[in-house]
Amino acid sequence: MEANKIYQAGIRIAMEKDLFKNIQRDRTFEVVYNEYQLLVETYQKRKGEFHNRFILFDLNWELIGSFWDDDSDGELERVESGDVELDFAQNLYSIALQRAGESNRLHETDENQKIISKNSSRSRELAGVSQ
């Protein structure tokens, strides 16, 4: 936990000095809900197989916890870090997935996996195409 505090302090200092750049990932969705920043990242394990990482921050981007949905079925299986109960995190993860769906960023595969769809505006930016 001490290493995480040092890491967060380093990021905060870099942001204050405008030296920090947040890499925008194609399969990432973030939303503010009450006093939390909710972040869902989809990773592809193998062709057609995905898993989601759910990361919970406070409004100052202090890490509260991170969790894995190993088969992208909408149910968190394990805690990666933090002291948050899995049931509490599951509730917020469900809200994040719902909001992703409302923003047309959630895709459900034929295998009932709930994954964040690629950010098409980011893909166009990478290709040099303006909006």
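Brief remarks on what is shown
- Legend: ranking of residues Ser72, Ser117 from fewest to most surrounding C-beta atoms inside 10 Å; resulting order Ser117, Ser72.
- Label-to-label distance, nm, for residues given as Glu102 and Gln8 (7 Å Cα→Cβ offset): 2.7 nm
- Summing charges over neighbours of Glu2, with a neighbour being any other residue whose Cβ is under 15 Å away from its Cβ, gives -1 when K and R count +1 and D and E count -1.
- 3J(HN,Hα) couplings calculated from phi for the stretch 71-78 with the Karplus curve 6.51 cos²θ - 1.76 cosθ + 1.60 (θ = phi - 60°) are, in sequence order, 10, 6, 9, x, 10, 6, 9, 8 Hz; Gly and Pro show x.
- By the count of other C-beta atoms within 10 Å, a proxy for reagent exposure, Arg78, Arg53, Arg105 are ordered fewest to most as Arg78, Arg53, Arg105.
- For Asn60 and Lys118, a Förster radius of 41 Å and the Cβ-Cβ distance give a FRET efficiency of 0.90, rounded to the nearest 0.05.
- Distance in nm between pseudo-label sites at Glu85 and Asp73 (7 Å out along the Cβ direction from Cα): 2.3 nm
- Other residues with beta-carbon under 13 Å from the beta-carbon of Asn34 carry, at +1 per Lys or Arg and -1 per Asp or Glu, a net charge of -1.
- Under-5 Å amide H pairs with Ser72, H placed in peptide plane, nonlocal only: Asn52
- Neighbourhood charge, 12 Å Cβ-Cβ cut-off, centred on Glu77 and excluding it, Lys, Arg +1 and Asp, Glu -1: -4
- From least to most packed, judged by other beta carbons within 10 angstrom and beginning with the fewest, Lys114, Lys45 follow the order Lys45, Lys114.
Read-outs: derived from the displayed coordinates by stated rules, not from any lab. Quick caveat: nothing in here was measured; it's all calculated off a predicted structure. Positions of Cβ are backbone-derived with ideal geometry, glycine not excepted, and every protein chain shown enters the neighbour counts.
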